[in-house]
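Enquirer: Quick one: structure below, then a few questions.
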Amino acid sequence: MATNIKIEDILNDLKLEKNDQDGINAVAVIGLGIMGQGIAQTIASHGIEVVAIEKNEKQLETMTGLLKESMDREIHRWTMTKSEKNSALSRIHGSVDFKKAAQCNIIIEAVDENFELKRRIFSELDELCDPDTIFVSNTSTLTLSKLAAATKRSDKVIGMHFLNPVPKVPLVELVRGTTTSDKTFNTVKKFAERIGKTVVEVFEYPGFVTTRLIVPLLNEAMHVLMEGVATAEGIDTAMKLGYNFQYGPLELADMMGLDEVLAWMESLFHELGEAKYRPCPLLRRMVREGKLGRKSGEGFFKYNDQAKRTT
């Protein structure tokens, strides 16, 4: 992965592409957790330069290492070639300099589901970036308009809710805040389609479509397990075979990260006040114990170092 970049030099080489495509020739991704890694990989795999920004060098090194390991697993499963991996990584430019984001057309924040953190990032970026730069949040539950209010460009703030694993799920929810302009929506829609995503237009509301619908299913599956109605394996097998789900709800929660799922539930419960979003006590206990799913090696199931289920 390239570091110490001079993105302006890269952009000079991409002027023709800028004229021929949608005006998007470089995208900044703030935060390289599981979602940020997937977003960066997806964008870079479609020929667009990515500035991947983390809070410090140690975190940057750790997260880029995890991204490479994830891509190596794809190669092992024959879903990616080494040349495709190298090509994508050559377009991902790691940095801890927030100012590098100002050289990009679109900035996507993919940090933890924490309103104050996201608001602070947007506020700081607003002072650094060109007035035409579009700000994108990957939030799955937070109020987009409140984030936009932290800037002087609320018409250029929009949500792109990617689903994990980002490189494989062909959907993105494109979320319009109350002041998002048609121009911003259309620009980001073309960008999303350019990176291989089918767009569903969503108007701002807690949980949008996918999170609002999946959270009660995950929560109820956890209650069924906690109440001893069936084993985790039994619950997932019932849903996979009974309803043709690719993944059972408990394995899906493990994939998403149980801490993330808990954050979604707490946010939706706070916003909507409905009992179906109140987190299952079993989930709270597992998060307290550090059992976060695939990323920690144990959740409702156990996983090896290659994130493959062992139980």
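Enquirer: In the stretch 88-123, what residues are at pLDDT 95 or above, among the acidic types (Asp, Glu) and more than 19 Å from the chain's Cα centre (by Cα)?
Expert: none
Enquirer: For the stretch 175-190, enumerate the residues that are free of Cβ contacts under 8 Å to residues at least 60 places away in the same chain and over 17 Å from residue 131 (Cβ atoms).
Expert: 175, 176, 177, 178, 182, 185, 186, 189
Enquirer: I'd like to know if the stretch 31-43 contains one or more residues that are under 27 Å from residue 264 (Cα atoms), modelled with pLDDT under 95 and in contact with a Phe, Trp or Tyr (Cβ under 9 Å, 6 or more places away or on another chain).
Expert: Within the stretch 31-43 (the criterion being under 27 Å from residue 264 (Cα atoms), modelled with pLDDT under 95 and in contact with a Phe, Trp or Tyr (Cβ under 9 Å, 6 or more places away or on another chain)), the answer is yes, since at least one residue qualifies.
Enquirer: Exactly one condition in (1) surrounded by 17 or more Cβ atoms within 10 Å (Cβ to Cβ); (2) basic (Lys, Arg); (3) touching a residue at least 60 places away in the same chain (Cβ under 8 Å) is not met by residue 212; state its number.
Expert: Unmet for residue 212, out of (1) surrounded by 17 or more Cβ atoms within 10 Å (Cβ to Cβ); (2) basic (Lys, Arg); (3) touching a residue at least 60 places away in the same chain (Cβ under 8 Å): (3).
Enquirer: Take residue 49 and decide whether it is modelled with pLDDT under 90 and under 24 Å from residue 187 (Cβ atoms).
Expert: Against the criterion (modelled with pLDDT under 90 and under 24 Å from residue 187 (Cβ atoms)), residue 49 does not qualify.
Enquirer: On to the next question. Can you tell me which residue within the stretch 119-159, out of those that are hydroxyl-bearing (Ser, Thr, Tyr) and part of a helix (DSSP H, G or I), is surrounded by the most Cβ atoms within 10 Å (Cβ to Cβ)?
Expert: Among residues in the stretch 119-159 that are hydroxyl-bearing (Ser, Thr, Tyr) and part of a helix (DSSP H, G or I), the one surrounded by the most Cβ atoms within 10 Å (Cβ to Cβ) is 154.
The values are calculated or read from the model by the stated rules, or taken from the named source; none is laboratory data. Keep in mind it's a predicted model, so treat the numbers as computed, not measured. FYI the Cβ positions are ideal-geometry reconstructions off the backbone, even for glycines, and counts take in every protein chain you see.
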